[in-house]
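Beneath this line is the structure, given in structure tokens, with notes to follow.
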Amino acid sequence: MRRLAAAATYLYQDGPRVWYATQPTVTKLAEDRAEQLKRAPAKMAQEKDDRLRADLRRSWDFSRIHPLLRTGADAPDDLEA
């Protein structure tokens, strides 16, 4: 029963209790979302980049931050570092 509850979309289990619900389980929702992201890696990379850049807009203790460098040549050679 535990294996069936883990694989089923609407079947819940809590100890000895088992029931069906009209909403999918959180585990099933997370698995579906992960599959969507696996099918669109470029979209996932763009979302990650956008979130990182938005987070870096906050004030930090560093004078300069260079996020998402592809190679070492992308970082400027500043003496201030």
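Worth a mention:
- Charged side chains reduced to their Cβ positions (Lys and Arg at +1, Asp and Glu at -1) give the chain a dipole of some 600 debye around its Cα centre.
- Where only DSSP H runs of four or more residues are counted, the chain gives -14000 deg cm²/dmol as its mean residue ellipticity at 222 nm, each run worth -39500 (n - 2.57).
- Taking all Cα pairs closer than 8 Å and separated by 6 or more residues, the relative contact order of the chain comes to 14 percent.
- Coupling constants for region 21-29 follow from the phi torsions by the Karplus curve (6.51 cos²θ - 1.76 cosθ + 1.60, θ = phi - 60°), and in residue order they are 10, 8, 10, x, 6, 4, 4, 5, 4 Hz; glycine and proline get x.
- Surrounding net charge for ASP55, when Lys and Arg each add one and Asp and Glu each subtract one, Cβ distance under 12 Å: +3
- Labels on offer are (1) 71, 27, 17; (2) 37, 34, 19; (3) 66, 28, 19, and the one holding Cα extents along the principal axes in Å computed from this structure is (3).
Only the coordinates and a few stated rules stand behind these numbers; no lab work does. It should be emphasised that the depicted structure is a prediction, and the values quoted were computed from it without experimental measurement. Virtual Cβ from ideal backbone geometry, glycine too; neighbours counted across all protein chains shown.
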